[in-house]
Amino acid sequence: MKYRQLTTEQLNEMHEEFAMFLATQKIDADKWQEIKDTKPEVVAEEINLFSDLVWEKVLGKIKYLTNFSGSSLNLFRFDEELIQRIVVKCEKGNFDFSKKEDYQWFIDNSKDKTISYFKGQKAFFKERNMEIFELIEKGCTMDKGDLYELIYKMIDK
């Protein structure tokens, strides 16, 4: 298995897609029930294969990730060969980007002297999708990239 198995909740949400996946292997509902009853190792293999296919498709579409971590904000942008990163740090006491009021203060006071910006880029060390997956597993969330682009324009002047 390349990534990780989808959770039961994720599999339940994708039950139609999973049924279509099984159908491509000529496994109908009756056959699937028989496999579940008699071959649990095959069930695990099929779920693992389906999970990897789903992850591969999702990860291939990701262009931006964000991670709010206390007084730091990590923003990532991905293309085919590079990871671009912006780190925003706030030295204001007890500041937490995940708190709505602190985040709003940051938006309203983005030029405050307690805020530092860093940016950099690097080539993927591993396969693109695997690096993105590892960032998600460490707490990053997918987003549309509006904040990344806004801050990038602000600090790139």
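Every number here is computed from the coordinates shown, using simple stated rules; none is lab data. What you see is a predicted model; the values in this text were computed from it and never measured. Glycine also receives a Cβ, built like all others from the backbone with ideal geometry; neighbour counts cover every protein chain displayed.
Summary table
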read-out: Links that overshoot a 22 Å alpha carbon limit, given the list K100/K122; K100/K144; K61/K144; K57/K99; K2/K57; K99/K122; value: K100/K122; K57/K99; K99/K122
read-out: Integer Hz, Karplus 6.51/-1.76/1.60 couplings in order for the stretch 5-12, x for Gly and Pro; value: 5, 4, 5, 4, 4, 5, 4, 4
read-out: Within the stretch 58-88: backbone nitrogen closer than 18 Å to the K119 label point (7 Å, Cα to C-beta); value: 63-67, 73-88
read-out: Stretch in the chain that is longest and holds no GluC sites (Glu not before Pro) that DSSP places in a loop and that have at most 10 other beta carbons within 10 Å; value: 1-79
read-out: Separation in nanometres of the label points that stand 7 Å from Cα toward Cβ, at Q25 and T8; value: 2.1
read-out: Average projected area [Cα convex hull, the chain], square nanometres; value: 11.7
read-out: Between 0 and 90°, nearest 10: helix 15-24 axis offset from the chain longest Cα axis; value: 50
read-out: Extension gain, D96 back to A44 (0.36 nm per residue minus Cα-Cα distance, nm); value: 14.6 nm
